[in-house]
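The values are calculated or read from the model by the stated rules, or taken from the named source; none is laboratory data. Since the model is a prediction, treat every value here as computed from it, not as a measurement. Cβ placement follows ideal geometry from the backbone for every residue including glycine, while neighbour counts extend to all protein chains displayed.
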Amino acid sequence: MLTSNLGSGNANDFVGRTVTNLRTISEPLSYFGVDLGPGRRLLPTCYSIRNRNSTSHACLSWRFEASNNKVQWYQLDTRIFYIGDSYYDAQYEEVV
């Protein structure tokens with residue numbers, strides 16, 4: 001399990017099946033990642049992101065990426081939460 005700066009919880013909860021308070025700190029380019037190990041590959045056909053039962057700390061924007069070598073990354077999906085303010089939305093889109 002790989003993560004940027006952990007804000008709360010245990011990084012291994014990222015792949016768990018119980019509801020936990022797991023999050024990175026609120027900063028651009030924070031991430032959770034999974035290294036499958038040498039010689040293993042995964043071709044996802046779908047994915048889900050869970051959120052705890054809360055109105056705060058909700059995952060609003062993300063980028064789902066994959067790499068075979070940890071150097072070249074492929075964007076599989078991107079979701080960006082827009083608030084309707086063109087100035088803010090444009091700045092946020094550059095980061096995500």
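General observations
- Some residue of the stretch 34-42 being at pLDDT below 90, surrounded by 10 or more Cβ atoms within 10 Å (Cβ to Cβ), touching a Ser or Thr at 6+ places or on another chain (Cβ under 9 Å) and within 20 Å of Asp13 (Cβ to Cβ): no
- Taken together, Pro44, Pro28, Pro38 contain a single residue that is touching a residue at least 40 places away in the same chain (Cβ under 8 Å) and either closer than 21 Å to Thr78 by Cα or assigned to a loop (DSSP other than H, G, I, E, B) (or both), which is Pro28.
- Output for the stretch 13-26, where each listed residue is surrounded by fewer than 12 Cβ atoms within 10 Å (Cβ to Cβ) and under 14 Å from the mean Cα position of the chain (by Cα): Val15, Ile25, Ser26
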